[in-house]
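In what follows, a structure is listed as structure tokens, so that the remarks can point back to it.
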Amino acid sequence: MQAFAFHTPADVAAAAQLARQNGEAKLLGGGQTLLQSMKLGLIAPSDLIDLGGIPALKGISVANGQVTIGAGTTHAAVAASKAVQQAIPALAELAGHIGDRQVRNRGTIGGSLANNDPAACYPAAVLALGATITTDTRSISAEDFFRGLYTTALAEGEVITSVSFPVPEKAGWQKFKQPASRFSLVGVFVAKFATGVRVAVTGAGAGGVFRATEVEARLSADYSAAALAGATVDASGLNSDLHGSAEYRAALIPVLAGRAIG
């Protein structure tokens, strides 16, 4: 691992300024992907800007039908939050089964979204719930945030500060995990609103998280597992590897959606 400068800014403004002044700098949240990539020599930032000491990035609140979670809040904190458990139980359930205990106690929601791993859990919840990602400069809708494999709408040096989730009428989460990594081979988050049902899938798409529109249409008409009998998902564009073919992943999506709604 090559040498780098380490910064501990006191606030978001200072962190953003450091990031924009140093083109090869990286923002450090929980470090669950970044540090491993550095150890493997995949990236070599000139500077690391630690966001862990910024109090404004942590915390959870519920108001006006929204659950707002600070970007620096750990997965473990989201899972343990009584407010999240009451407002969106499926979100707490999702957070409580990310990785292992070490990952949950170090990894952060903002770091997960900024990294946008194609098999990460949080993107499915963000897209299905129609969340809003707030940064130091603007607000970005879930529909506009995810841009493909490890790619987001974030500009260089832009810092995620919080994520706001509308509280749905009902929601559910099901994850078919790879046993060793605990990443999703397929993960499905279902959210029911007065305007219809949104279903987001992670782990299956070669380009990252996506919405399962046929499943959404069926559940919007009849919110029941029975409505998904015979439902199919196009396997083209899905991942195919030693863990499962694209067809296998496609077949899992309506099955997991049915389980998610119980």
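The values are calculated or read from the model by the stated rules, or taken from the named source; none is laboratory data. Note that the structure is predicted; figures quoted are calculated from it, not measured. As a convention, Cβ positions derive from the backbone with ideal geometry for all residues, glycine included, and neighbour counts pool all protein chains shown.
Okay, here's what the table says:
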| read-out | value |
| --- | --- |
| Residue count, the stretch 195-214 (criterion: surrounded by fewer than 23 Cβ atoms within 10 Å (Cβ to Cβ) and either out of contact with any helix residue (DSSP H, G or I) (no Cβ under 9 Å at 6 or more places or on another chain) or outside any strand (DSSP E or B) (or both)) | 5 |
| Residue in the stretch 124-135 that is in a strand (DSSP E or B) and within 26 Å of Ala180 (Cα to Cα) present | no |
| Pair list, Cβ under 6 Å, 6 or more apart: the stretch 68-86 residue in the same structural domain as Gly110 (by TED's automatic domain parsing), other residue surrounded by fewer than 18 Cβ atoms within 10 Å (Cβ to Cβ) and assigned to a helix (DSSP H, G or I) | Thr74/Asn105; Ala76/Asn105 |
| Which numbered condition Met38 fails, given (1) exposed (fewer than 14 other Cβ atoms within 10 Å of the Cβ); (2) modelled with pLDDT under 90 | (1) |
| Lone unmet requirement of (1) touching a Phe, Trp or Tyr at 6+ places or on another chain (Cβ under 9 Å); (2) assigned to a helix (DSSP H, G or I) for Pro118 | (2) |
| Verdict on Ile60 being modelled with pLDDT of 95 or more, over 15 Å from Ser164 (Cα atoms), crowded, with 18+ Cβ neighbours inside 10 Å and over 13 Å from the mean Cα position of the chain (by Cα) | no |
| In the stretch 65-88, the residues that are farther than 16 Å from Asn105 by Cα and either of a type in the set (D, E, K, R) or more than 16 Å from the chain's Cα centre (by Cα) (or both) | Gly65, Gln66, Lys82, Ala83, Gln85, Gln86, Ala87 |
| Whichever residue in the stretch 102-144 is among the polar types (S, T, N, Q) and touching an Asp or Glu at 6+ places or on another chain (Cβ under 8 Å) and, among such residues, is farthest from Ile54 (Cα to Cα) | Thr137 |
| In the stretch 87-110, the residues that are closer than 21 Å to Val186 by Cα, among the small types (Gly, Ala, Ser) and either in contact (Cβ under 8 Å) with a residue 40 or more places away in the chain or not assigned by TED's automatic domain parsing to the domain that holds Val67 (or both) | Ala90, Gly99, Gly107 |
| Lone qualifier among Gly244, Gly237, Gly205 - being outside the structural domain of Leu149 (by TED's automatic domain parsing), under 23 Å from Asp100 (Cα atoms) and touching a residue at least 12 places away in the same chain (Cβ under 8 Å) | Gly244 |
| The stretch 180-202 - residue that is of a type in the set (Gly, Ala, Ser) and at pLDDT 95 or above and, of those, nearest to Pro166 (Cα to Cα) | Ala191 |
| Enumeration of residues in the stretch 175-194 that are more than 14 Å from the chain's Cα centre (by Cα) and surrounded by fewer than 23 Cβ atoms within 10 Å (Cβ to Cβ) | Phe176, Lys177, Gln178, Pro179, Ala180, Ser181, Arg182, Leu185, Lys192, Phe193, Ala194 |
| Test: residue in the stretch 148-162 that is more than 14 Å from Ala200 (Cα to Cα), assigned to a helix (DSSP H, G or I) and either touching a residue at least 12 places away in the same chain (Cβ under 8 Å) or of a type in the set (Lys, Arg) (or both) | no |
